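Let me begin by presenting the structure, written as structure tokens, before commenting on it.
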Amino acid sequence: MPISTADFKNGKCIIVDGKMYTIISFQHVTPGKGGAFVRTKLRDVKSGRVIDNTFRAGEKFDDVHMETKEMQYLYTDGEDYHFMDTVSYEQAAISTEVIGDVAKWLKENDMCQLEYAGGELIGVEPPMFVELEVTETEPGFKGDTVQGGTKPATLETGAVVNVPMFVNIGDVVRIDTRDGRYITRV
């Protein structure tokens, strides 16, 4: 079903030149001279590449049906990540290439959002906050209490984040998965 530039919303998926793109942001512009147009930032669903594009106001595009499914992350076998639908107990194996950088936030038994566009899996969204154990970090020394001092720490999933000096090996920390920021010690 075709949609117009007036129907644009952030997160909507459209087809431009035969490729699927999700709309990151858009802005309607009405110059004093000439016709109105829409500036957009689009993310290629397949490659993840972000492009800037400008369309005439009222231009039509094919809409792609977006669907989100909540599934539980079970385990990885090295090649694939395995998820389960907690309602139907149906399992899905997703390749490492599709998971990408999200893998560093996946902990067994966590609930994740799998995003589909046109029936095709386009991405995995981890929980907004995860609690992970610190497996490796340098010890903080007494007197190392400079305001805002941080040190790198490796978490149980292999992710490396900056944590305050008082965090030690074995501590469990809460991390914001959107930007990889330390929130608090649990």
Computed about the Cα centre, the charge dipole of segment 66-125 from +1 Lys/Arg and -1 Asp/Glu charges at the Cβ has a magnitude in debye, to the nearest 20, of 140 debye
Rounded to one decimal in nm, the spacing of the 7 Å Cα→Cβ label points at residue 133 and residue 39 is 5.0 nm
Under 19 Å by backbone N from the virtual spin label 7 Å along Cα-to-Cβ at residue 47, the residues of segment 74-109 are 97-101
Treating only Lys and Arg (+1) and Asp and Glu (-1) as charged, each at its beta carbon, one finds that the chain has a dipole about its Cα centre, in Debye to the nearest 20, of 1180 debye
Note on the chain: contact order normalised by length, alpha-carbon pairs under 8 Å, 6 or more apart, percent, works out to 14 percent
Segment 87-107 and segment 23-73 have their Cα centres apart by a whole-number Å value of 26 Å
When 166, 37 are arranged by how many other beta-carbons sit within 10 Å of their Cβ, fewest first, they go 166, 37
Charge dipole of the chain built from unit charges on the beta carbon (Lys, Arg +1; Asp, Glu -1), centred at mean Cα; most positive-end Cα among 36, 16, 87 is 36
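Read-outs throughout are calculated quantities, based only on the coordinates presented, and are distinct from any laboratory measurement. All figures in this text were calculated on a predicted structure; none of them were measured in a lab. With ideal geometry, Cβ positions are generated from the backbone for all residues, glycine too; neighbour counts draw on all protein chains shown.
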